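Visitor: One structure coming up, written as structure tokens, with questions to follow.
The values are calculated or read from the model by the stated rules, or taken from the named source; none is laboratory data. Owing to the predicted nature of the structure, the values given are computational and were not obtained by experimental measurement. Neighbour counts run over all protein chains shown; Cβ positions are idealised from the backbone, glycine included. Accessible surface areas use protein heavy atoms only, side chains included; no ligands, DNA or RNA. Shrake-Rupley method; radii C 1.70, N 1.55, O 1.52, S 1.80 Å.
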Amino acid sequence: MMELRTLIITSVMLPWILSSAAKVEYMEVRKPKKDVVHFPDYTLPESDTDPASLRAEEMPTCLLCVCLSGSVYCEEVFPELSTVPALPKETAYLYARFNKITKIRNQDFADMATLRRIDLSVNLIAEIDDGAFSKLPNLEELNLAENKLTKLPMLPTKLVSFNANFNQLKTQGVKATAFKKLTKLAYLYLGNNELTAVPQLPESLHIVHLHNNKIKTITDETFCKGNTSYYIRTNMHEVRLDGNPIILSAHPNSFICLESLPIGWYN
């Protein structure tokens, strides 16, 4: 009886098992083969140089600074600039304040005919090559305030505004005729320096600041033309001489051509 029962189960189950096995094998064959993807090795080569230790001079200017429509902003960048960065050829406005630039070289602005404004205030500039700015035919504004300059280089003739407040400028380092040929210069800021004399001033000036220097004397031709009382200097609106050891009341004929008296000490 047992043998008959075993035979019946075997005859029923065996075809089902064989059918299931065949189906599984068929499905395995039907499965699409997975492509093996080999990814490139992005492991950086070993180097002794830490990317964070790269100097500003080793980085592309427009990665270190912000370049936007002819303007380059390099203010308070990290790492700090110690030299003027290479500028795009179309640069018209450069703002590189609050850095550690120490020197301006002739090649820094070579062939930059598009430059109209340069702001290098609040740096550590102590030296400027004499021809660094002289070949900038369209430069109108130059700001060198709060640096360590003792003398000035040649300046471009189309300057409208020049600011060298808070430096260490000495009379020996500023030629008497340094500004005389700048026929478009309207704003001249030389306050908080060590000047002992007033340089020759162009007729175009509207404002001149010479406060907090060491100026002890002026002449009748410093601001006016001493040989005529008919000359009126109509352009000049503001003269600051306060903070100098000069007593302005001792020079009454020095201001007769001005529309308003200079700011300073009179007694």
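Visitor: Name the chymotrypsin sites (Phe, Trp or Tyr not before Pro) in the range 153-252 that are in a loop by DSSP and that have at most 12 other C-beta atoms within 10 Å, would you?
Guide: Passing sites in the range 153-252 are 230, 231.
Visitor: Right, next: So what does log10 I(q)/I(0) come out to for the range 97-182 at q = 0.14 Å⁻¹, using the Debye formula with one equal point on every Cα and no solvent?
Guide: Those come out to -0.43, one per q.
Visitor: Give me the percent of the accessible area of the range 125-267 that comes from carbon and sulfur atoms, probe 1.4 Å, all protein chains in place.
Guide: 51 percent
Visitor: Whole number in Å², please: accessible area per residue of the range 184-267, 1.4 Å probe, ligands, DNA and RNA not counted.
Guide: Normalised by residue count, the accessible surface of the range 184-267 is 50 Å².
Visitor: Which part of the range 159-187 falls in the paramagnetic zone of residue 204, meaning amide N under 13 Å from the point 7 Å along Cα-to-beta-carbon?
Guide: 159-162, 179-187
Visitor: When N counts the residues of the range 139-241, how does its alpha-carbon radius of gyration compare numerically with 2.2 N^0.38 Å, as a ratio?
Guide: The value comes to 1.02.
Visitor: Another question, if that's okay. Mind listing the phi-derived Karplus ³J(HN,Hα) values for the range 246-251, rounded to whole Hz, using 6.51, -1.76 and 1.60 with θ = phi - 60°, and x for any glycine or proline?
Guide: Coupling constants for the range 246-251: 7, 9, 5, 5, 7, 10 Hz.
Visitor: Here is a follow-up. Sticking with the crude label model, points 7 Å out along Cα→Cβ, report the distance from residue 100 to residue 71 in nm, one decimal please.
Guide: 2.8 nm
Visitor: Would you mind calculating the gained length between residue 177 and residue 263 on full extension (0.36 nm times residue separation, minus the Cα-Cα distance), in nm to one decimal?
Guide: 28.6 nm
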